[in-house]
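Please read the structure below before turning to the comments.
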């Protein structure tokens, strides 16, 4: 295998099976594309701007050894595809688990988990404002989670938490590959001065909550568009 296509192959493999199973007749995920693709596009724009900024600042960067060599500003094509392939796969898994597991968490448990995450993430982020990756990721995730739980009062967070625990399995595989878990050098490198220097395998702790925020925004928009459409159809 040509090493220059490693990141691209990771992107393709991450979406390959979810896409293939999107046409399963009993739970046809493709019928929800009209809600999904706008949600992915909006979220991707936000994260690409964030990514361009942090790459320019040297918070993280990309190893050309594992890239095809096509760039948009300072981002490789593979990184842009990441914000399409990974959300697609994760929202597909979220919907699949919703189909197979109909019971949600009780509200009190969901509120407790949200409260705990908000307090811990905001506190750690506020105490590490000198570290760009830690401060921005933790505080942004805490604020958005608080908005969903207590301002927007969404009803999907219990299922999101359950789904996220499952999503962490492929998350560790994909991010492990990208952060050097199976290669001589990482595909994506991180400036240790900008994070807590806590790694799970080769993955920075911040990546977990960066991924959580990425999925939360995608799913929030996805669910909002469905709810709005259902409301309009009943009016």
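The values are calculated or read from the model by the stated rules, or taken from the named source; none is laboratory data. Here the structure is a predicted model, which is why all the values come from computation and not from measurement. When we count neighbours, we look across all protein chains shown, and the Cβ atoms used for this are built from the backbone with ideal geometry, even at glycine.
Evaluate the following for residue 146: is it over 24 Å from residue 85 (Cα atoms) and surrounded by 21 or more Cβ atoms within 10 Å (Cβ to Cβ)?
When the stated conditions are applied, residue 146 does not pass them.
What are the residues in the range 39-76 that are loosely packed, with under 13 Cβ neighbours inside 10 Å and in a strand (DSSP E or B), if any?
72
Report, by residue number, each residue of the range 131-163 that is in contact (Cβ under 8 Å) with a residue 60 or more places away in the chain, more than 18 Å from residue 50 (Cβ to Cβ) and part of a helix (DSSP H, G or I).
148, 159, 160, 162, 163
Quick check: anything in the range 80-102 within 20 Å of residue 219 (Cα to Cα), assigned to a helix (DSSP H, G or I) and in contact with a strand residue (DSSP E or B) (Cβ under 8 Å, 6 or more places away or on another chain)?
Scanning the range 80-102, I find at least one residue that is within 20 Å of residue 219 (Cα to Cα), assigned to a helix (DSSP H, G or I) and in contact with a strand residue (DSSP E or B) (Cβ under 8 Å, 6 or more places away or on another chain), so the answer is yes.
Quick test of your reading of the structure: residue 14 fulfils all but one of (1) in contact with a strand residue (DSSP E or B) (Cβ under 7 Å, 6 or more places away or on another chain); (2) in a helix (DSSP H, G or I). Name the failing condition by number.
Among (1) in contact with a strand residue (DSSP E or B) (Cβ under 7 Å, 6 or more places away or on another chain); (2) in a helix (DSSP H, G or I), residue 14 violates only (1).
Output yes when any residue across the range 29-38 is assigned to a loop (DSSP other than H, G, I, E, B) and touching a helix residue (DSSP H, G or I) at 6+ places or on another chain (Cβ under 8 Å), and no when none is.
Within the range 29-38, not a single residue is assigned to a loop (DSSP other than H, G, I, E, B) and touching a helix residue (DSSP H, G or I) at 6+ places or on another chain (Cβ under 8 Å).
Which one of these does residue 128 not meet: (1) outside any helix (DSSP H, G or I); (2) modelled with pLDDT of 95 or more; (3) surrounded by fewer than 12 Cβ atoms within 10 Å (Cβ to Cβ)?
All conditions are met except number (3).
Cβ contacts < 6 Å: first residue surrounded by 14 or more Cβ atoms within 10 Å (Cβ to Cβ), restricted to the range 192-211; second residue part of a strand (DSSP E or B), any location; separation 6+ or different chain. Result?
195/204; 204/190
Based on what the data block shows, is residue 10 under 24 Å from residue 136 (Cβ atoms), modelled with pLDDT of 95 or more and surrounded by 14 or more Cβ atoms within 10 Å (Cβ to Cβ)?
no
With (1) in contact with a strand residue (DSSP E or B) (Cβ under 8 Å, 6 or more places away or on another chain); (2) part of a loop (DSSP other than H, G, I, E, B); (3) closer than 21 Å to residue 58 by Cα as the list, and residue 175 as the residue in question, which single condition is left unmet?
Result: residue 175 passes all but (2).
Name every residue in the range 103-122 that is more than 19 Å from the chain's Cα centre (by Cα) and either in a helix (DSSP H, G or I) or modelled with pLDDT of 70 or more (or both), in order of residue number. Write out each step before concluding.
Of the range 103-122, the ones more than 19 Å from the chain's Cα centre (by Cα) are 103-112, 115-116, 119-120.
Matches in the range 103-122: 107, 108, 109, 110, 111, 112, 115, 116, 119, 120.
I'm trying to understand the selection: among the residues of the range 41-63, which are free of Cβ contacts under 8 Å to residues at least 24 places away in the same chain and closer than 25 Å to residue 183 by Cα?
Scanning the range 41-63 gives 52, 55, 56.
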